[in-house]
Amino acid sequence: MEMSELRALLTPAGLELLDGTGEVGSTAEAAAAVSRLRAAGHSPDLVSAVVGQAHLRAKAAAKFGPFAARMLFTRAGLEQATRLGVAARHAQRLRSAGMTAVADLGCGIGGDALAFAGAGLDVLAVDADEVTAAIAAYNLAPFGDSVTVRHDTAEDTLGEPRPGRAVWMDPARRTSGHSETRRVAADDYSPSLDWAFGVAARQPTGIKLGPAHDRDALPDDAETQWISADGSVVELVVWTRELARDGVRRSALLVRGDRSHELTAAADAEDAPVRDLGAFLHEPDGAVIRARLIGDVARSLDAGMLDPRIAYLTSDTALTSPFVQSFRVRDVLPMNTKGINAALKANGIGRLEIKKRGVDVDPAAFRRTLTLKGDAEATLILVRIGDRRRAILADRVSAAD
C-alpha cells in the first residue's frame with residue numbers, strides 16, 4: 001500500500017467500503033472486486049487499497065482470528081507479525097516480571113503491541129516506515145492514551161532505561177518498505193543486532209528472531225525460547241535481564257490453539273543413547289529440536305535415539321507427550337516400492353501420510369509410485385537408520401491413547 005492509497009482508505013466512506021467488500025481470498029475474487037468497485041465509480045487508489053486490504057484480512061485470519069476483520073495490514077507487516085495467541089504469552093511474561101510499560105521498537109502493523117496493550121501495559125510503538133506506522137496507529141487506536149505510536153527509528157527513540165519499562169524488538173528481517181520486500185542476512189537487520197543486543201544487555205528486553213537464527217550468534221547469558229504454533233516453529237525470542245527466568249537458558253514453547261506446553265532447561269540437553277527401533281516411534285516438535293532438548297523428552301518417554309544424526313526417538317513403552325508426535329510401528333520395510341505396495345495392499349490402506357527424515361526423497365513424487373486402495377489409513381515414515389534406508393509403516397497415537 002502506498003501513502004496515496006492509505007489516505008484514500010482512511011476516510012469514513014473508504015472504511016465503510018472496505019467493511020462492505022467482504023473476503024477476497026483468491027486472484028479471481030480480487031479481479032471481480034476491482035471490476036465491481038471501478039464500475040461503481042470509485043477512484044483507482046481507493047479500489048486498490050480496499051481490494052488489497054480485503055485480501056490481506058483474509059490471510060490475516062490465521063494469525064489474528066476475528067480481530068483481522070477490523071484491522072489494516074501491509075504485506076510485509078503481516079508476514080512478520082506475531083500470531084496473536086503467541087503475542088499474548090509474550091505480554092503475560094512482561095506482566096509476570098513486574099513490567100508496567102513497553103517500548104515496541106519495530107512494531108510493524110502492531111501485532112505484539114495489541115497484546116501488550118490488551119494486558120494493561122502502557123505501550124510506545126515505533127516503526128521506521130511511515131505507512132506501516134500509520135497502520136499501526138489505526139490498529140491500536142481503540143486503546144486510547146495507553147498507546148503512543150511514532151514514525152521513527154528504534155535508535156532515535158529508546159533513550160535511557162526506565163524503571164518498570166521493558167523493550168520489545170522485532171528487527172526487520174526484510175528490505176525496507178511495506179509491499180514487495182526480500183529477506184536480508186542477519187548483518188543487515190534493522191535495527192542492527194549489535195545495537196539490539198547492546199540494549200538487551202542494559203535493559204529487560206525481548207528480541208524476536210527467525211527460528212533458524214545462528215545459535216552461536218546468540219548472547220550466552222540470555223534465555224532463548226523457540227516457539228511453535230500449531231505444529232510450525234514460528235519464532236525464536238531472546239529474553240534478557242528481568243525477562244529471563246532464573247535457571248532457564250533453553251525453552252521450547254508449544255502453542256496449540258488456546259493451550260500451551262513448555263519445556264525448559266538450564267542448557268542444551270544431552271542426547272539419549274541410540275537404541276534399536278522399538279514398538280513406538282516419536283517425532284519431536286520442531287521447537288524441541290531447535291532448543292536442543294530432545295534428550296530430555298527422550299528420557300521422559302523412556303526412549304532412545306533412532307540414529308545419532310536423526311531427530312527421531314523410539315521406545316517400547318506406550319507413552320507420549322505434547323512435545324512429540326507418536327506412532328505405533330506396524331511394519332519395517334526396505335525402502336522399495338514393491339515391498340511397500342504389498343504391505344499397503346495387505347493392510348487395505350487407502351489414505352497415507354508420508355514423512356521423511358535423512359533420506360533424499362520427494363514425498364509427493366514417491367506417493368505417485370504407490371497404490372492406495374481401501375478404507376484404512378496409516379503413516380509411512382521414510383528414514384535413514386545408520387547406513388540403511390527404511391520405510392516404517394505406522395499409526396498415529398493420540399496423547400489420550
Limited to segment 315-342, what total is found for residues that are over 17 Å from LEU370 (Cβ atoms) and not in a strand (DSSP E or B)?
8
Quick check on my filter: what residues within segment 326-339 are at pLDDT below 95 and either among the polar types (S, T, N, Q) or open to solvent by less than 10 Å² (accessible area, probe 1.4 Å) (or both)?
ASN336, THR337
Taking segment 373-392 as the search range and keeping residues that are in a loop (DSSP other than H, G, I, E, B) and open to solvent by less than 60 Å² (accessible area, probe 1.4 Å), which one is farthest from GLN325 (Cα to Cα)?
GLY374
Report yes if some residue within segment 247-257 is touching a Leu at 6+ places or on another chain (Cβ under 6 Å) and of a type in the set (A, V, I, L, M); otherwise report no.
yes
Residue check: is ILE392 within 26 Å of PRO273 (Cα to Cα), more than 28 Å from the chain's Cα centre (by Cα) and modelled with pLDDT of 95 or more?
yes
When ALA298 is run through (1) within 30 Å of THR371 (Cα to Cα); (2) of a type outside the set (Lys, Arg); (3) more than 23 Å from the chain's Cα centre (by Cα), the failure sits at (1)
Checking ASP271, ASP230, ASP220 in turn, the sole residue that is closer than 14 Å to PHE197 by Cα and open to solvent by 70 Å² or more (accessible area, probe 1.4 Å) turns out to be ASP220
Residue match in segment 67-81 (condition: of a type outside the set (A, V, I, L, M), within 17 Å of GLU16 (Cα to Cα) and surrounded by fewer than 19 Cβ atoms within 10 Å (Cβ to Cβ)):
yes
Could we say that LEU124 is over 21 Å from the mean Cα position of the chain (by Cα), of a type outside the set (S, T, N, Q) and open to solvent by less than 20 Å² (accessible area, probe 1.4 Å) here?
no
Can you list the helices (runs of 4 or more DSSP H) found entirely within segment 102-182 that contain at least 3 residues being modelled with pLDDT under 95?
130-140, 154-157
Which helices (runs of 4 or more DSSP H) does segment 1-67 wholly contain that include 3 or more residues that are in contact (Cβ under 8 Å) with a residue 24 or more places away in the chain?
3-9, 12-21, 44-64
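Residue by residue, here is whether (1) open to solvent by 30 Å² or more (accessible area, probe 1.4 Å); (2) in contact with an Asp or Glu (Cβ under 9 Å, 6 or more places away or on another chain) holds:
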{"position": "ALA265", "(1), (2)": "no, yes"}
{"position": "PRO284", "(1), (2)": "no, no"}
{"position": "ILE289", "(1), (2)": "yes, no"}
{"position": "LEU352", "(1), (2)": "no, yes"}
{"position": "THR371", "(1), (2)": "yes, no"}
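The values are calculated or read from the model by the stated rules, or taken from the named source; none is laboratory data. What you see is a predicted model, and the numbers here were worked out from it, not measured in a lab. Every residue, glycine as well, gets a Cβ built from its backbone with ideal geometry; the counts of neighbours run over all protein chains shown. Surface accessibility is based on the protein's heavy atoms, side chains included, excluding ligands, DNA and RNA. Shrake-Rupley method; radii C 1.70, N 1.55, O 1.52, S 1.80 Å.
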